[in-house]
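The structure appears right after this line, and notes come after that.
The values are calculated or read from the model by the stated rules, or taken from the named source; none is laboratory data. No experiment lies behind these values; they were computed from the predicted model shown. Glycine also receives a Cβ, built like all others from the backbone with ideal geometry; neighbour counts cover every protein chain displayed. Note: areas computed on protein heavy atoms with side chains; ligands, DNA, RNA excluded. Shrake-Rupley method; radii C 1.70, N 1.55, O 1.52, S 1.80 Å.
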Amino acid sequence: MIIVLKEQPEAQQLQNLEEWLIGLGLEIHHSEGVHSTVLGLVGDTSRVDTDLIEALDIVASVKRIQEPYKNANRKFHPMNSVINVGDTSIGGDVFAKIAGPCSVESEEQIISIAKEVKAAGATMLRGGAFKPRTSPYAFQGMGGDGIELLLKAKKETGLPIVTEVMDLSQLELFADVDVIQVGARNMQNFQLLKELGHSNKPILLKRGLAATISELLMSAEYIMAGGNENVILCERGIRTFETATRNTLDISAVPVLKELSHLPVVIDPSHSAGIARYVHTLTMSAVAAGVDGIMIEVHNDPAKALCDGPQSIKPDAFAKISKDIDTLLETVRGF
Ligand code: PEP
Ligand code: MN
């Protein structure tokens with residue numbers, strides 16, 4: 001980080017600033033110019049509040065040289081992270097296929113879908129028990145009963161389960177859940193992220209509807225700063241001026257995230273498109289872009305789904321996508 005001082009800074013204020021920075025464990029390199037002095041800070045500046053420094057009378061400007069996230073940063077962890085989930089994993093050479101309904105609706109529904117997606121190559125089962133719906137009158141999910149049904153489906157198929165937590169108060173119900181999903185609307189629920197940082201479970205963190213890539217990484221950092229390194233990043237489409245699709249899949253987020261971070265990246269083509277017939281194309285584009293996995297909504301009877309039917313594909317369509325992913329991976333990854 002570089003701090004440019006105004007001309008002739010007041011000595012006491014400068015001393016206070018320097019003492020404070022040294023107290024944060026940073027080394028200060030001075031560079032005296034004709035009109036201004038530049039302080040170069042060496043060390044971990046991730047805890048330094050740039051706004052605070054910029055507001056000081058003696059400071060002209062502040063510039064970060066290094067990203068404010070450390071744990072999620074590839075610079076400090078060059079190798080791709082591999083996250084273990086039950087008997088499977090995600091990241092590195094292992095591509096994850098996460099599939100299942102938007103929400104768990106009944107025992108019969110979740111178990112039959114779980115069996116079908118497993119037969120088609122899914123490596124994890126997704127299903128919402130707590131649903132963040134736009135309308136308070138829409139189906140809100142089965143709650144704890146939904147988690148019980150997911151656990152039954154896990155027992156039947158062996159597939160690890162991924163399900164969303166919406167609030168801290170629900171966390172005790174997640175003891176046997178394999179991957180805890182943080183939904184787009186909760187990406188900046190910092191209290192929730194901090195609590196998940198104390199868990200040892202993998203967290204699938206979805207990008208907020210209007211969040212930048214840097215904000216997504218800072219949210220991952222919240223979890224990792226608490227000691228939980230098992231974070232999976234999920235691009236699920238962002239809100240743009242375009243209305244032809246529910247959201248706009250930010251495909252460039254994939255190479256950017258892979259460059260900036262060592263964490264596995266998955267895309268969710270279902271919420272990106274909002275329309276089932278686009279799911280195949282978006283999935284293939286994401287595989288070509290280098291994702292570590294996909295998460296797709298699959299329903300046995302989309303027309304009757306209690307949530308997100310229009311974007312849900314049937315199990316046979318998932319089977320085709322799964323096969324096509326494998327074919328494309330051979331080309332993209334050369335194995
Ligand atoms: C979901 O995965 O069903 C979901 C609600 O996703 P998002 O948070 O991305 O809207
Ligand atoms: Mn959904």
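Project the alpha carbons of the stretch 166-267 onto their principal axes and report the range along each, largest first, in whole Å.
Answer, in whole Å and largest first: 39, 27, 21 Å.
Once both axes come from the Cα atoms, what is the angle between helix 11-23 and the longest principal axis of the chain, in degrees from 0 to 90, rounded to 10?
Result, in degrees: 40.
Give the accessible area for Glu229 in Å² (nearest 10); use a 1.4 Å probe, count only protein heavy atoms, and leave out ligands, DNA and RNA.
90
Relative contact order of the chain, please, whole-number percent, based on alpha carbon pairs below 8 angstrom and at least 6 residues apart.
Normalised by residue count, the contact order of the chain is 15 percent.
Can you run the Rg to Rh ratio on the stretch 1-100? Use alpha carbon positions and the Kirkwood inverse-distance Rh.
1.24
Rounded if a/c is under 1.5, else prolate if a/b beats b/c, else oblate: with a ≥ b ≥ c from the C-alpha gyration tensor eigenvalues square-rooted, which is the stretch 51-177?
oblate
Please say if the stretch 83-332 is rounded, prolate or oblate, where rounded means a/c under 1.5 for a ≥ b ≥ c the square roots of the C-alpha gyration tensor eigenvalues, and otherwise the choice is prolate for a/b larger than b/c and oblate otherwise?
It comes out rounded by the Cα gyration axes.
Which aspartates and glutamates, on any chain, are close to Lys6 with Cα under 14 Å apart, when same-chain ones fewer than 8 places away are left out?
The qualifying aspartates and glutamates are Glu32, Glu54, Asp57.
Spin-label point model (7 Å from Cα, Cβ direction): what's the Val332 to His30 distance in nm?
Going by the 7 Å Cα→Cβ label model, 5.3 nm.
What's the FRET efficiency of His77 with Phe190 using the Cβ-Cβ distance as r and R₀ = 22 Å, to the nearest 0.05?
0.45
With +1 assigned to the C-beta of every Lys and Arg and -1 to the C-beta of every Asp and Glu, and no other charges, what is the dipole magnitude of the stretch 83-332 about the Cα centre in debye, to the nearest 20?
It works out to roughly 440 debye.
How would the stretch 235-335 be classified by its alpha-carbon gyration tensor: rounded, prolate or oblate, with rounded meaning a/c under 1.5 and the a/b versus b/c comparison settling the rest?
oblate
For Lys118, go through the lysines and keep the ones whose alpha-carbon is under 21 Å away, minus same-chain ones fewer than eight residues off.
Within the straight-line limit of under 21 Å, Lys118 reaches these lysines: Lys97, Lys152, Lys154, Lys155, Lys314, Lys320, Lys323.
I need the phi-derived Karplus couplings for the stretch 65-81: 6.51 cos²θ - 1.76 cosθ + 1.60, θ = phi - 60°, integer Hz, Gly and Pro marked x.
Per residue, the Karplus-derived 3J(HN,Hα) values read 9, 10, 5, x, 10, 10, 5, 8, 7, 5, 4, 9, 7, x, 7, 4, 7 Hz.
Want the number for Ile2 to Lys314: 0.36 nm per residue separation, take away the alpha-carbon distance, what's left?
Stretched out fully, the Ile2 to Lys314 stretch lengthens by 106.9 nm.
If you wrap a convex hull around the alpha carbons of the stretch 2-61, what volume per residue comes out, as a whole number of Å³?
Here the figure is 70 Å³ per residue.
Just to confirm my numbers, what's the Cα centroid distance between the stretch 1-66 and the stretch 229-271 in Å?
If we compute the Cα centre of each part, the gap is 35 Å.
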